[in-house]
1. Over the range B:159-367, what per residue volume does the convex hull of the Cα atoms give, in whole Å³?
2. To the nearest µm²/s, what D does Stokes-Einstein give for the range A:167-305 at 37 °C and 0.692 mPa s, using the Kirkwood radius over alpha carbon pairs as Rh?
3. Where in chain A are the helices, taken as whole DSSP H runs, whose Cα atoms extend 24 angstrom or more along the long axis and whose Kyte-Doolittle mean reaches at least -0.5?
4. Kirkwood hydrodynamic radius (Cα pairs, Å) of chain A?
5. Name the residue, out of B:Met244, B:Met281, B:Met202, whose mean-square fluctuation peaks in a Gaussian network model built on chain B with Cα pairs under 10 Å.
6. In whole angstrom, note down how far apart the Cα centers of the range A:232-279 and the range A:80-126 are.
7. For chain B, find the longest principal axis of its Cα atoms and tell me its angle to the long axis of helix B:6-20, 0 to 90°, nearest 10.
8. About the Cα centre of chain A, what is the dipole size in debye to 20, counting +1 per Lys and Arg Cβ and -1 per Asp and Glu Cβ, all else neutral?
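Readers should treat all values here as calculations from the given coordinates under stated rules, not as data from a laboratory. In this text the structure is predicted, and so the values were computed from the model without any measurement. All Cβ positions, even for glycine, are placed from backbone atoms using ideal geometry, and neighbour counts span all protein chains on display.
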Amino acid sequence: MIGLHNLSKHYDDLRAVDDVSLSIETGSVVAIVGTSGSGKSTLLRLVNRLIEPTAGHVTLNGQDTRDMPAFELRRRIGYVIQDHGLFPHWTVARNIATVPRLLGWPKDKIRARVEELLRLLSLDPATIGPRFPHQLSGGQMQRVGVARALAARPELLLMDEPFGALDPVLRGKAQADLRAIQQTLGSTILLVTHDMAEAIRLSDRVAVMRAGRVEQFGTPAEILSRPATAFVRDLVGEGERAFRFLSLIPATDLAEEGAASGQPLPRTATASEALDALIWQNAEALPLEGGGRISRAALLRAGHP
Amino acid sequence: MRYADRLGLVLALPLIAGFALPFAGLRPNRIAAPVAEWLPHIFGWPAAAGVALVAVAALARSPLRLPLAALAVAGWLALLGLGASRLAEDAPAYARVSPGAGFWLGLVALVLLLADALARRKPAPVARLALLAATVAVLALVLRLWPDVSVLQEYAARRASFWAEAQRHVALALGSFAAAVVAGVPLGIAIQRTPRLHLPVMNVLTAIQTVPSIALFGLLILPLGWVAANVPGARAAGIGGIGMAPALVALFLYALLPIVTNTVAGLRAVPPSVSEAARGMGLAPRQRLLRVDMPLALPVILTGARIVLVQNIGLATIGALIGAGGFGTFVFQGLGQTAPDLILLGALPTVALAFAAQVIFDALIDLLPGRRP
Ligand SMILES: Nc1ncnc2c1ncn2[C@@H]1O[C@H](COP(=O)(O)OP(=O)(O)O)[C@@H](O)[C@H]1O
Ligand SMILES: [Mg+2]
């Protein structure tokens, strides 16, 4: 459990972060969404003390983070940034080993951990491990950045627009991978994004920030169905509310008995993907892989709170 | 364009000039005006034509350009030695044979050709060091053919002092270089971290740089003279208003600006996201400096160091004016006696030393482990 207690950061008259309190359950993902300049990065950097707060404090599993040296705290918290920040003079393997080396892990333990992480992120240890960052594609750099942050099994993972530099196709893939990894490892993640769709897709709870303050903190369904302010409603985007809502529901939840013709939907599909396929194939219902079907009526019923 | 590339064509001009202008000059004594001697006149037409043929073959774009150019340079140098001996045979005892404009122009063209042929092969660092050693060896052999060339006659008359001055020159240049690196890199790191210090320090260093070198040597005579007179043991340690100490201090001061500037520039060039990541990963300040910032800044710092090394080898000649010794001794003696050969005896080794230092330093930079490929 991570607690942010009345955190503030003021630059002269500017309240970059203004009295923010949040808690993040162990094993859950919290997304901070907001427009540019709303204080998201500042809030994130207050958590690992890259910035010291004007007021308030942070607790990490019950411990006040002010009670330990900053660099020690940071070794317990993974940090992923948009431009990766990979060390250009080190190989991929050496980059990933950064924190384990700082912590003085034995060599073979580090080597095994690096391999494990490369595999976890679908990177081949033999070919990618010895490469230098400039020999990687953008998507590979991003994954190495995540692997490096996860290396020492951090108690919390901070991610500042981690997919911001990726093209839409890669971004979708990276989001799916992150969700899968998070579920495998049970990581606790605080993720900053300006993309509401990304926040809804990836997180258990969303904090909407505006001018340094949290306007609403709730589950994605709550944010979609009961936006607390006009700002939150604008950010959700009225035009796509139903699709966003459907994207939260697994297609299997809406499955019914019976058969249908057409291309079967994968069992991992969301309701929004099911509706998209249905409209595209102009079908009343589509079969679900492994049995059952999904009907248009069920989807339309599910598309609002 | 198939036979010779553009460079070959451009270099043909100085090479032709090398044949058209006097190859050597014969002077009745050390400081008299020379009488021009042309290549065909010295060796006869058939031999001159043979030489021209090799030179022209080296201009051609072919896989043989490198060996031919090397052969041509060595041959050209040997030719001067042989020619000098021929001319000296029929001349009076005090007569001197010195290189002429044609020799110099031809040499420049052939050396450039050789350098280009070498650069195209992109030799590995170790190979470059080996080539440098080979060059020194060949040069030592070829210079044996030069006993009648005036520069070597000046050398023969000063064999012992030449090597002593050489040692002093190297000590001056390397000593001030090492001191500047040891002081300049930490200074650069300090002003990069403390922006308040940046402007004042840079202003002082730039001001020093604008003082003409001779004036700076002069300015140092007073304070160091005072130190020698008033600090116990200073004089015994070789510190005084003239001699090595002020020369070392002056060269050190000149060297600081490039080292500090490049250290700051190198550190500034570390990408912000990399610094942010290093901090975010939990590297302590010293670890960040030693493991991330310095390794990334190193190539830029070394570029500055290389400039300083070459600059100091050249500037060290001026140290002779205040009794520091070095190759400058011969340059200034030669100027005083209007003996051009003596000036060359100081200038040519200085150029060679600067060149060798550059080759060695570049090779060492490339040999550094863990550099970004
Ligand atoms: N070091 C700083 N000094 C002054 N103002 C800052 C500093 N860092 C951030 N700010 C300001 O704080 C506000 C929030 O910045 P930031 O947290 O980076 O926003 P976001 O990440 O949401 O785009 C912005 O108005 C920014 O200009
Ligand atoms: Mg930001």
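1. 146
2. Taking Rh from Cα pairs, D becomes 202 µm²/s.
3. A:168-185
4. 20.9
5. The residue that fluctuates most here is B:Met281.
6. Each part's Cα centre sits 38 Å from the other's.
7. Compared with the principal axis, the helix lies near 50 degrees.
8. That gives chain A a dipole magnitude of about 900 debye.
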